[in-house]
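In what follows, a single structure is set out as C-alpha cells and then discussed.
What follows is calculated from the coordinates using simple rules that are stated; it is not laboratory data. Source: prediction; values computed, not measured. Neighbour counts are summed over all protein chains in view; Cβ atoms, including those assigned to glycine, are modelled from backbone coordinates with ideal geometry.
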Amino acid sequence: MKKFLSIIVAVLPALAAFGIQVLGAILFLIFYGIIYFLTTGISAINSGDGDVASSLEDFVNNVLLSTEVNYLGSALSIVLCGVVFYFWYRGITRNEAKVKLRSICTGKNIGLLVLLGLGSQFLISGLLSMILPFMEDLLTDYAETMELLQSGNTIVVVLLTVLIAPICEELIFRGVILHNLNRQLPFLAANLIQAALFGIYHMNIVQGVYAFLLGYVLGYVFYKFRTIVAPIALHMIVNSSAFLIELFPSYYFVFILFLVIGAIAMFVAIFFIQKTEAPIMVMKTKISSYGDFDDN
C-alpha cells in the first residue's frame, strides 16, 4: 500500500500541470478582459456610442469567445507551467551529477536525433493518414483539434509548437514525473506510466495514442543521454517536421512511403542510440536517489 501511494504521489505533477495551465488561462482572460473593458467599454459608454449591455456583449464576443485571445491565453499558461516545472525540475536534480553537454552534442548524436525525430513524424503521419479515413468520428474530432491548435497567430502557433510546448512538456513528463516514478519503479515501468500520462494530457484519442508512443521514445532518449536537453531537442524536431509533412501531396502512395521511410529511420536511429556510449557526468556534490535511472 505504501508503494502504491508513493506511485500515486509521483504522478500528481501531471494534475498540477493541468491545474496551473487552467488557472493561468483564467487569470489571463480576467486580466485581458479588464484591459479590454477599460480601453473600449468605458470609452464607448462615455462617448454615448454604447451602453453597458452592448459593451458586455462585445466583451463576450471579442474576449471570451475569441479564438485568438483564448489561444494566446493557452500559450501563456503553458509558459507559466514551464517556468514552474523548470524550478521544480532544478530542485529535484540539484544534487545529481550533470551531463557534460559537449560529450553528447556530437555530430553523430545530433544526426541520430534528427533521424529519429523525422522518422517518428513520418511514421505517425503515414499511419494516421491511412487509418483515420476509415474512422469518421475520430477523423472529425482530430481535424477539429488540429484546426483549433493552428487557429492562432502564425508566429504564436510556430513558437508554441516548435519551442514552448516541447520545453514545457519535457520538463513536466520526462523531467519531474519520470524522475519521481523512477524512484519507485524500474525504468521500463516508469517510462510506460509517464508515456501514458503524456497521452492522456493531450485529451484527444488520436493525439493520445501517438503521444503515448512518442512519449515512450522521448523517455528512452532521456534515459540514454541522461539529460533533459536530449528529449527537448527530439521533441522540437518532431513538432517542427509536422510543417514539412504538409508540403507533400495527399496520395495513398505517399502515405505508404511515409510509413516505410519512417519505420526504417526510427529503426536505424534507435539501433545506433542503443549503442551510444554513456555521456560524461560531472559531479556537483553527491548523487541523489534520482541520479542514476534504475533499469532493473
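Can you check what the net charge comes to around residue 151, using other residues whose Cβ is under 14 Å from the Cβ of residue 151 (Lys, Arg +1; Asp, Glu -1)?
-3
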Quiz item: Sorted by mean Cβ packing within 10 Å, highest first, what order do the peptides 221-234, 108-121 take?
Solution: 221-234, 108-121
Quiz item: Which listed residue (12, 91, 142) has the Cα farthest towards the positive end of the charge dipole for the chain, taking +1 on Lys and Arg C-beta and -1 on Asp and Glu C-beta about the Cα centre?
Solution: 91
Exercise. Round to the nearest 0.05 the FRET efficiency obtained for residue 4 and residue 135 when R0 = 41 Å and r is the Cβ-Cβ distance.
Key: 0.70
Quiz item: Mind listing the phi-derived Karplus ³J(HN,Hα) values for region 25-36, rounded to whole Hz, using 6.51, -1.76 and 1.60 with θ = phi - 60°, and x for any glycine or proline?
Solution: 5, 5, 4, 5, 4, 5, 4, 5, x, 4, 4, 4
Self-check item: By average C-beta atoms within 10 angstrom, highest first, the peptides 77-83, 128-134
Solution: 77-83, 128-134
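When 104, 164 are ordered from fewest to most other Cβ atoms inside 10 Å of their Cβ, what list results? Intermediate results must be reported in sequence, preceding the final value.
Values: 104 23, 164 18.
Ranking 104, 164 by Cβ neighbours within 10 Å, fewest first, gives 164, 104.
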Quiz item: Among 99, 254, 162, which one shows the biggest mean-square fluctuation in a GNM of the chain, springs joining Cα atoms closer than 10 Å?
Solution: 254
Exercise. Estimate the FRET efficiency between residue 35 and residue 146 by the formula 1/(1 + (r/R0)^6), using the beta-carbon distance for r and 30 Å for R0, to the nearest 0.05.
Key: 0.50
Quiz item: Tell me, what is the FRET efficiency for residue 264 and residue 205 to the nearest 0.05, using R0 = 30 angstrom and their Cβ-Cβ distance as r?
Solution: 0.60
Exercise. List the residues whose amide H sits under 5 Å from the amide H of residue 99, counting only those 5 or more places along or on another chain, with H placed 1.01 Å from N in the peptide plane.
Key: 282
Self-check item: Over 24 Å between alpha carbons, listed pairs 98/275; 100/275; 3/275; 100/224; 3/98
Solution: 3/275; 3/98
